[in-house]
Structure formats: C-alpha cells, structure tokens
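The values are calculated or read from the model by the stated rules, or taken from the named source; none is laboratory data. Treat the numbers as computed from the prediction; the structure is a model and nothing was measured. As a convention, Cβ positions derive from the backbone with ideal geometry for all residues, glycine included, and neighbour counts pool all protein chains shown. Accessible surface is based on the protein model in full, side chains and every heavy atom, while ligands, DNA and RNA are left aside. Shrake-Rupley method; radii C 1.70, N 1.55, O 1.52, S 1.80 Å.
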Amino acid sequence: MNTLAQDLRIALRAFARSPGFTLAAILSLAIGIGANTSIFSVADALLLRPLPYKDASRLVILWNRSPGLDILQDWFSTAQYLDIKNGHHGFEEVAIASGANDNLTGEGEPTRVGTVRVSSNLLPMLGASAAAGRLFLPEEDEPDRPATAVLSYGMWARRFGNDPRAIGKSITINGKSYEVVGILPKTFSLPHEVLPTLYGPEQPDIFLPFPLGPKAPGIRTGEDYNIVGKLKPSVSVAQAQAEMDTITAGLRRDYPESYPPNGGLTFGIVPLLEQVVGDVRRALLVLLTAVGFVLLIACANVANLLLSRAVARQQEIAVRSALGASRGRIIRQLLTESLVLSLTGGMLGVIFSVWTVKWIHVLGTKSIPRLADIGIDARVLLFTFLISVFAGILFGLAPALRASRIDLNSTLKEASRGSAGSAVWGRGNNLRRLLVVAELALSVVLLIAAGLLIRSFARLQNVAPGFNPQNVLTFELSLNGRRYGDRQIVLNTYRQLWNVLEQIPGVTAAGGITALPLSQSFAWTPITVEGRVPLPGEKFLNADARVAGGRYFQAMEIPLRSGRFFNEDDISGKTPTVIIDEFMAQQLWPGQDAVGKRIHMVESDVPWLNIVGVVGRVKHESLDSEPRIAFYLPHTQYPSRAMTLVLRSQGDPSLLSPAIKKELRGIDPDLPMYSVRTMNQRVAESLARRKFSMLLLGLFATFALALAAIGIYGVMAYLVTQGTREIGIRMALGATQSQILKLVLFQGMSLAISGVVFGLAAAFFFAWLMRSLLFGVSTADPVTFGAIPVLLAVVALLSIYIPARRGARVDPMLCLRAE
C-alpha cells in the first residue's frame with residue numbers, strides 16, 4: 001500500500017510538471033470513454049436489462065403473417081385468438097388486448113385518453129398488482145357484466161388528485177359510465193412499444209375488460225387484436241413456433257377461403273424484448289462499434305504521447321535503474337501513471353456522458369424505445385470504471401515496456417552529449433507510425449459510415465411522399481358516445497365541421513382521412529377485381545383501404561390523374577364509388593383507363609365499387625417503403641367516427657389551433673382535439689430514427705477525425721524534434737528549406753495514405769454490415785468512398801504542414817553548436 005501511494009505521488013508530480021501533456025491525454029480519454037459510456041447506457045437499457053415484467057424472458061407477442069400477400073405483421077381476429085388459446089400447449093397463458101383512443105367526459109374539460117381492453121389474465125401475467133382496489137376478475141371476460149375500469153397511476157393522479165376514495169367512483173368514456181375498481185402502481189406501464197395495439201395509444205391511461213361474446217369463435221374477419229403469451233418454463237421460442245406452424249397449417253387447410261394458399265398464413269412468435277428493440281438493434285450495434293473505434297483512437301493518441309514522453313524521460317529512467325530500480329518496478333510506476341490518466345479521463349467522461357444522455361433524451365423521443373430507462377446509474381458507472389482501467393492498460397503497456405528496455409551506458413552518454421536522438425525515418429519510431437496509421441484507418445471507417453448515413457438521409461428527404469406537407473395542420477377527432485349513435489348524425493357533424501373549418505381565415509381546404517400517411521396507422525383489406533383471372537392459389541388481392549372525407553385530396557395536394565374526386569352525389573343509397581391510386585391502376589389495368597372499372601371488398605356486403613377517379617401514389621407507411629396498391633372510400637358512404645382532419649392554410653398552420661378549438665366548441669363542447677401536429681412535423685417524426693443514428697455516428701466520426709488529426713500532428717512534431725540534429729546536418733551539407741519541407745511532408749503523407757488504404761478496405765466490410773440502415777445508397781457509394789479519403793488527406797496535410805514548416809526553419813549552426 002505504501003508503494004502504491006508512493007507511485008501515485010510520483011505520477012501526480014510528473015503530471016504537474018507537464019500540464020500540456022496531461023490535459024491533452026485526459027481530454028482524449030474523456031471523449032473516448034464518455035462516448036462509450038453514453039452508448040453503453042443506451043445498450044444497457046435496451047438490450048441487457050429485462051423488461052420490467054414478471055418472467056420477462058418468457059413473454060412473447062404473436063403476429064399474424066401472410067408473406068404471399070405482403071403482410072408481415074398483422075393483428076388477430078377473435079377466432080384466431082381462440083384457435084391459439086385452445087390449440088397450443090407451449091403457453092402457460094395467452095391473453096388478448098385491443099387499444100383505442102377515447103373521449104373522457106364529465107368533470108372538467110373533455111379529454112382524449114388512451115384505453116386498452118384486456119382479458120383478465122393479461123395484467124397478472126405481466127406481474128402487475130393493484131396499488132389500490134383490484135384488477136379484473138375472470139368473470140369480467142364474459143359479456144353483460146358491470147362496466148369496470150382500472151386506472152393507471154398517472155390517470156389517477158390527474159383525474160382524481162391521488163384521492164384514495166377514487167375506488168368505486170364512476171368515469172364516463174364515450175358516453176358510457178364505468179366504475180373504477182383498481183389503481184395500478186406508479187412503476188407499471190404498458191407503452192405502445194411493448195403492446196403495439198392497432199388503434200391504441202402511446203401510453204394507456206385506462207384499462208377496460210375485454211368480454212368475448214358467443215359469436216367470437218366464428219369471427220375470422222376484423223383482425224384488430226393483439227395476443228400476448230407466456231411460454232412454459234421448459235418451452236423455447238423455436239419449439240413454440242414449430243407447434244404454431246402446425247396450427248396455421250390446419251387453418252390453411254380448414255379455411256382456404258379466408259387463408260388462401262398464396263398467402264402462406266403463419267403466426268409468428270416474437271420475444272417481447274425483441275419486439276421492443278428489434279428494429280434498433282442493428283443501429284445500436286453500429287454505434288457501439290463506432291464508439292469502440294473512438295476509444296481505440298483515443299488510446300492510440302495517448303500511447304503516442306506516452307512514447308514521446310518516455311523518450312524525454314529516458315535519462316530519469318536510466319538514473320532510477322542505475323540506483324537499483326528493477327524493470328518490473330519501472331513498468332509498475334509507468335502503468336500507475338497510465339491508470340491515473342485513464343481514471344481521470346473516465347471521471348471527466350462521465351460528465352461528458354451525462355450531457356450526451358440528456359441530448360439523447362431530447363433527440364430520441366420518437367426514435368428510441370425504452371427511452372425513460374436510459375440514464376447513468378451504478379451499472380453504467382461500473383462499466384465506465386472497467387473500461388477506464390482497460391484503456392489505461394491498453395495504451396500504457398506498450399510505452400511502459402518500451403521505456404523499461406533501455407541501455408544505461410548509451411542513454412547516459414546521449415544525455416551528456418545532449419543529442420536530439422533518432423532520425424526522422426528511424427526504425428525506433430515504427431510503433432508510433434503504426435499507431436497513427438491505425439488511428440487514420442479507424443477514422444476512415446467512421447467517416448465513411450457517417451457519410452453513407454448522411455447520404456441516405458438526404459435521399460430520404462428528397463423522396464416524393466405523394467403529397468405536399470407544407471402548410472398543412474393535422475389533428476385527430478372521434479365522434480364517440482350515444483350522441484353519435486346514428487350514422488347520419490356522424491355524417492352531418494363532419495360535413496358541418498369541414499364547412500366551418502374552411503371559413504377560418506387562411507384555410508384553403510379541409511378534409512379528413514381514417515389513416516393519415518406516415519402515422520403508423522394500417523388499413524389493408526382483401527379485394528377481388530371484376531374480370532380478373534386469379535393466379536393459381538389466389539383468392540383475393542390485398543390493398544390499402546382508407547376512408548376520405550371533405551376535400552382531403554385538395555388539402556393534401558394529392559394530384560388527380562384521371563376521373564374525379566368524391567362529391568356530394570357519392571352518398572348512401574347511390575352507386576358505391578371508390579378512388580384508386582395510380583399504382584393500383586397500373587398493376588390491374590396496364591395501358592387502360594381504370595375509371596369505370598369495378599372492385600369488390602371481400603369482407604363487405606357491397607357487391608361492387610365503381611372507380612370514379614385515379615390519384616397519385618402516396619407513401620403511406622414510411623418514405624423508405626414501397627406502398628401497396630391503395631384505394632379510398634367516400635366518407636359519405638362509409639361514415640367513420642374516428643378521423644384525422646387535415647387543413648391547408650396560406651400561412652403558418654400551427655397558428656390555426658385556437659380558431660379550430662373555438663369552432664369545435666360551437667359544434668360539440670365535449671369533443672377533444674388531440675394529436676395536433678403539422679404535416680411537416682409528422683414527416684420529420686417518420687425520419688427521427690434515421691436522423692438520430694446519423695447525428696450520433698456523425699458526431700463520433702468528427703471526434704475520430706479530430707483525434708486522428710491531433711495524433712498525426714503530435715507524431716510528426718515529435719519526429720521533427722527528434723530529428724533536429726539530422727536536419728541540421730542535411731542543411732549544413734546543402735539541403736534547402738523546400739527539400740526539408742518535402743522530406744517531412746513525404747514522411748507524414750506516407751502515414752496518412754497508408755491509414756486511408758487500410759481504412760478503405762475495412763470500410764467496405766463495415767458498410768456491408770450497416771446495409772439495412774441505408775436507403776438509396778450503395779454500400780460502395782463512389783461519392784462517399786471518394787470524398788472521405790480526400791477530406792482525410794487534406795486534414796492530414798494541414799496537420800503535417802505545421803511541424804514540417806518548423807523543421808524546415810531549423811538553423812543548422814545553432815543545431816550543430818548544441819551538439
């Protein structure tokens with residue numbers, strides 16, 4: 001212990017004598033360690049920690065898939081739920097759920113709340129218990145039971161002010177009264193990323209029972225429900241999936257009209273944690289690799305600094321060896337100094353990571369699952385400590401071994417002569433050169449990866465979405481409750497609403513749609529086409545279906561290709577009409593005019609829909625996906641209570657909200673206006689995940705470039721200093737300043753070129769690994785692979801030029817006189 005204390009005192013005194021070296025080393029390490037700490041905090045929350053539910057490793061979510069119909073993730077019908085519940089033996093429990101956004105009225109302002117209807121076993125299966133009152137009883141899964149509700153902790157706090165007497169009180173949802181029977185604990189939540197209900201909220205406020213009626217076993221349409229299961233302890237996902245494949249094979253055989261051969265029906269089983277983080281896993285692994293590279297570059301920088309410092313300390317080390325210090329003792333002292341540097345850099349890195357995590361919370365709202373779990377805690381601090389120790393040993397061991405191998409006689413003689421040391425191209429500097437080449441190679445990899453993501457993001461932003469998002473305001477509305485039980489009242493209310501909204505100054509068009517583009521709302525349905533000969537095994541086609549009302553197409557500026565838009569003649573009782581998109585027209589009637597053709601919705605009682613118009617193709621799901629064939633139904637014939645309203649304005653659409661709320665109150669004071677966003681904001685949210693990855697990787701690549709530039713500058717400055725004697729001799733023998741400048745530039749640029757070459761080779765492989773994150777850009781994009789080496793060469797040239805110019809200005813007389 002005394003020896004350790006002595007080593008620490010010696011280290012601190014040595015650092016105090018070299019404040020410039022100490023600051024440069026600590027800052028380099030702080031960047032590398034801080035970046036690793038930040039991304040580890042994300043990886044820890046997303047990949048390493050189990051979900052906060054009982055037996056989380058055995059929880060799975062099921063998906064209904066028909067790859068032949070381009071359906072890779074669909075929900076379930078009640079009949080399919082019962083097929084699984086009664087036919088599968090690998091589950092300990094199976095539960096059903098359905099989400100919605102409903103109107104909560106009564107005391108105070110009308111509020112839009114997220115509700116989830118669940119079978120009575122879902123909450124206990126997740127390990128939830130009531131903080132007050134009770135959860136649902138098994139008999140509440142049966143119809144005609146008293147209407148009950150369980151509140152989330154947040155809903156209880158907002159609506160009842162944490163009043164324990166809330167149990168037994170009534171709340172009104174969509175005009176229906178529900179008795180509050182329980183309050184969930186503050187620690188329990190079931191966000192949309194865990195339970196992605198079709199129509200559900202981001203965060204449920206109220207849980208309601210899910211009674212299944214006697215007709216449920218026969219209902220195979222209306223695939224709107226989630227199924228969550230808990231595997232038996234001895235059953236793996238693969239075993240459960242094999243049994244599920246047997247069930248779906250039987251369904252395809254028994255119900256060929258519902259599940260045609262070309263659809264390839266299967267029920268997929270996905271572990272719940274994978275469901276939450278699966279689509280960000282690859283991006284996170286890329287970021288983890290990137291910060292690992294940044295740390296390696298920082299370690300290489302500090303190792304170079306220590307090697308340079310070890311040369312300056314050769315006399316000191318020689319004297320200590322002459323006085324009896326063993327090689328092991330010297331190595332231990334030098335490693336102690338390295339660990340002091342790395343631990344100090346780690347502490348500073350924690351401060352850097354706290355700032356970065358706050359930045360992640362701001363930017364990651366729409367792009368990172370489990371965002372609330374990301375933070376700096378004891379696990380993350382332990383990781384920081386371990387990586388700091390690892391870094392200290394990594395960058396300190398080679399310099400320590402190198403410094404401890406000295407020839408006492410030659411070192412002391414050189415010190416007495418005051419020699420400047422080795423030549424600029426001397427072999428003794430190969431390790432430093434190798435470290436610089438490695439730094440530059442890693443920097444090339446990160447810069448190319450960041451460049452590819454930036455190019456992908458630029459391509460995505462230039463994708464035509466099929467509509468004009470400029471000056472468009474959107475908000476959601478739902479006409480629920482007894483007041484809107486009659487469809488004609490729903491139609492009249494929306495017609496009145498669109499009319500008054502278009503009277504607001506600045507509004508040029510108003511309309512509505514059941515599933516807004518880029519809103520993550522899904523609306524596909526099976527159809528048949530009049531006169532079309534089905535392919536073998538085909539029973540129907542699958543198409544996106546949306547209900548449009550008012551002047552939706554004009555508000556979104558979706559172009560009309562042929563025919564007409566909907567009008568007031570498209571009403572119930574008249575010929576059913578439909579508008580299709582141009583992609584559907586091209587696929588089903590190539591080279592023909594689709595107007596006047598007919599299609600049929602398989603699950604509808606209406607025999608045929610007459611096509612009255614063809615509109616432009618719209619990117620409904622995301623900008624980087626290829627839309628299905630799509631059609632639109634008139635709201636006047638298919639009145640939907642829930643709509644997303646869109647308004648086009650002549651100016652800033654966000655300024656319209658007060659006027660819209662005033663008009664809504666005039667129509668119905670109990671109608672809440674929610675999810676108010678401009679269309680530009682929705683487009684930006686759809687790109688949030690890609691933007692987040694791009695910004696983080698770009699930031700780390702910038703750090704890598706800066707560290708590499710500092711590294712090559714430091715090595716060349718050291719080599720020039722060490723080669724002062726040789727430079728002086730060369731100039732005394734007739735070498736000009738330009739020749740010396742070229743000599744040093746050649747030495748430095750040879751390192752840079754070597755680093756770029758090795759980096760390009762590694763970058764091709766790294767780009768291939770991140771191919772799923774790219775859009776519209778090849779993994780061997782010539783622009784990126786051409787521009788980054790040029791950028792790095794320019795940065796390297798600038799970093800080399802300064803020490804090269806200083807070397808060219810050496811006075812040979814002063815240099816030789818010093819010898």
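Quick one: how many Å² of residue 606 are accessible to a 1.4 Å probe, rounded to 10?
40
I need the shape label for region 57-194. Rule: rounded when a/c is under 1.5, else prolate if a/b > b/c, else oblate, with a, b, c from the alpha carbon gyration tensor. Write down the numbers at each step before the final one.
Details: a/c = 1.99, a/b = 1.71, b/c = 1.16.
Prolate is the answer for region 57-194, as a/c is 1.5 or above and a/b outweighs b/c.
Would you mind pulling out the separation of the Cα centroids of region 222-299 and region 534-563, in Å?
For region 222-299 versus region 534-563, the Cα centre distance is 30 Å.
If the only charges are +1 at each Lys and Arg Cβ and -1 at each Asp and Glu Cβ, what is the size of the charge dipole of the chain around the Cα centre, to the nearest 20 debye?
On the way: 79 positive and 63 negative charges, 771 e Å.
The calculated dipole for the chain is roughly 3700 debye.
Report the calculated FRET efficiency for residue 219 and residue 486 (r = Cβ-Cβ distance, R0 = 35 Å), to the nearest 0.05.
Numbers: r = 25 Å, r/R0 = 0.70.
According to the calculation, E is roughly 0.90.
Can you compute the label reach from residue 176? Point 7 Å from Cα along the Cβ direction, backbone N cut-off under 16 Å, restricted to region 82-119.
Counting backbone N atoms under 16 Å from the label point, the list is 97-105, 113-119.
Using a Förster distance of 45 angstrom, determine the FRET efficiency expected from the C-beta separation of residue 390 and residue 137, and round it to 0.05.
Values: r = 54 Å, r/R0 = 1.21.
Efficiency for this residue pair is about 0.25.
Students sometimes get this wrong: rank 144, 668 by accessible area, probe 1.4 Å, all chains present, largest first. Show your work: numbers first, answer last.
Working: 144 155, 668 10 Å².
Listed by decreasing accessible area, they come as 144, 668.
Filter the cross-link list 176/662; 215/597; 358/662; 186/691 down to pairs whose alpha-carbon distance in this structure exceeds 30 Å. Kindly include the intermediate steps, with their values, before the conclusion.
Values: 176/662 26 Å; 215/597 36 Å; 358/662 37 Å; 186/691 32 Å.
Long pairs (Cα-Cα over 30 Å): 215/597; 358/662; 186/691.
Taking only the alpha-carbon atoms of region 141-197, what semi-axes of the equivalent ellipsoid follow from 5 times the gyration tensor eigenvalues under a square root, in whole Å, largest first? Intermediate values should be presented prior to the final figure.
Details: eigenvalues 75, 62, 22 Å².
Ellipsoid semi-axes (Å, largest first): 19, 18, 10.
Summing +1 for each Lys or Arg and -1 for each Asp or Glu, what net charge is found among the other residues whose Cβ lies under 13 Å from the Cβ of residue 589? Intermediate values should be presented prior to the final figure.
Working: positive: 532, 561, 597, 598; negative: 530, 581, 582, 593.
Overall, the nearby charge balance is 0.
I'd like to know how the chain sits against the 2.2 N^0.38 Å rule of thumb: what's its Cα Rg over that expected value? Mind dumping the intermediate values first?
Numbers: Rg = 34.3 Å, N = 819, 2.2 N^0.38 = 28.1 Å.
Normalised Cα radius of gyration, the chain: 1.22.
Using the C-alpha atoms of region 445-492, what convex hull volume per residue, in cubic angstrom, is computed? Mind dumping the intermediate values first?
On the way: hull volume 7.5 nm³, N = 48.
Taking only Cα atoms, region 445-492 has a hull volume of 157 Å³ per residue.
What size of dipole, in debye to the nearest 20, comes out for region 76-211 about its Cα centre when the only charges are +1 on Lys and Arg C-beta atoms and -1 on Asp and Glu C-beta atoms?
Details: 11 positive and 16 negative charges, 78 e Å.
With only Lys, Arg, Asp and Glu charged at Cβ, the dipole is about 380 debye.
Report, in deg cm²/dmol and to the nearest 500, the calculated mean residue ellipticity at 222 nm for the chain, where each DSSP H run with n ≥ 4 adds -39500 (n - 2.57) and the sum is divided by the residue count.
On the way: 23 runs with 391 residues, N = 819.
Computed mean residue ellipticity for the chain: -16000 deg cm²/dmol.
When N counts the residues of region 456-573, how does its alpha-carbon radius of gyration compare numerically with 2.2 N^0.38 Å, as a ratio? Mind showing how you got there, number by number?
Numbers: Rg = 17.8 Å, N = 118, 2.2 N^0.38 = 13.5 Å.
That ratio works out to 1.32.
Starting from the 7 Å offset along Cα-to-Cβ, what nm value, one decimal, do you get for the label separation of residue 762 and residue 750?
With each label point 7 Å from Cα toward Cβ, the separation is 2.2 nm.
Rounded to whole Å and ordered largest first, report the semi-axes of the equivalent ellipsoid of region 244-295 derived from its Cα gyration tensor (root of 5λ). Walk me through the numbers on the way to the answer.
Values: eigenvalues 336, 23, 10 Å².
Semi-axis lengths for region 244-295 are 41, 11, 7 Å.
Would you kindly find the accessible area of residue 83, with a 1.4 Å probe and non-protein molecules such as ligands, DNA and RNA excluded, rounding to the nearest 10 Å²?
40
Could you check the spin-label model distance between residue 572 and residue 187? Points 7 Å from the Cα along Cα→Cβ, value in nm.
Between residue 572 and residue 187, the label points sit 5.1 nm apart.
If you find the alpha carbon centre of region 583-606 and of region 478-517, how far apart are they in angstrom?
Measuring centre to centre over Cα atoms gives 28 Å.
Place a +1 charge on the Cβ of each Lys and Arg in region 566-613 and a -1 charge on the Cβ of each Asp and Glu, then give the dipole magnitude about the Cα centre in debye, rounded to the nearest 20.
On the way: 3 positive and 8 negative charges, 40 e Å.
The dipole magnitude comes to about 200 debye.
At 1.4 Å probe size, with every protein chain present, just tell me what the per residue accessible area of the chain comes to in Å². Could you put the intermediate results ahead of the total?
Details: 35650 Å² over 819 residues.
Result: 44 Å² of accessible area for each residue.
Counting only protein chains, not ligands or nucleic acids, how are 790, 529 ordered by accessible area (probe 1.4 Å), most first? List each step's numbers first, then the result.
Numbers: 790 90, 529 20 Å².
Correct descending sequence by accessible area is 790, 529.
Counting only protein heavy atoms and a 1.4 Å probe, tell me what percentage of the chain's accessible area is made up of carbon and sulfur. Can you show the working numbers first?
On the way: 20720 of 35650 Å².
Reported share for carbon and sulfur atoms: 58 percent.
Just how much of residue 552 is accessible, in Å², when a 1.4 Å probe is used and the result is rounded to the nearest 10?
It works out to around 0 Å².
With axes computed from alpha carbons, what is the tilt in degrees of helix 657-667 against the longest principal axis of the chain, rounded to the nearest 10 within 0 to 90?
Tilt of helix 657-667: around 20 degrees.
Compute the signed sum of charges (Lys and Arg +1, Asp and Glu -1) over the other residues within less than 14 Å, Cβ to Cβ, of residue 564.
Values: positive: 551, 561; negative: 568, 569, 570, 593.
So the environment of residue 564 carries a net charge of -2.
Need one number: nm distance between label points at residue 236 and residue 739, each 7 Å from Cα along Cα→Cβ, rounded to one decimal.
The two pseudo-label positions are separated by 7.2 nm.
Please list, short to long, the whole-number percent of alpha-carbon pairs of region 196-244 in consecutive 5 angstrom bins beginning at zero.
4, 11, 18, 17, 18, 20, 11, 0
Can you tell me the orientation of helix 281-312 relative to the chain, as the angle in degrees between its alpha-carbon axis and the longest Cα principal axis, to the nearest 10?
Computed tilt is about 10 degrees.
For region 509-607, place one equal point scatterer on every Cα, skip the solvent, and apply the Debye formula. What is log10 of I(q)/I(0) at q = 0.12, 0.23, 0.24 Å⁻¹?
Here the Debye-derived log intensity ratios amount to -0.45, -1.59, -1.64.
What is the Cα coordinate range of region 1-93 on the first, second and third principal axes, sorted by size from largest, in whole angstrom?
78, 35, 17
Grab the other residues whose beta carbon is less than 14 angstrom from that of residue 225, score K and R as +1, D and E as -1, and report the net.
-2
How big is the convex hull of the Cα atoms of region 488-539, per residue, in Å³? Don't skip to the end; give the middle numbers.
Numbers: hull volume 9.0 nm³, N = 52.
Spelled out: Cα convex hull of region 488-539, divided by residues, is 174 Å³.
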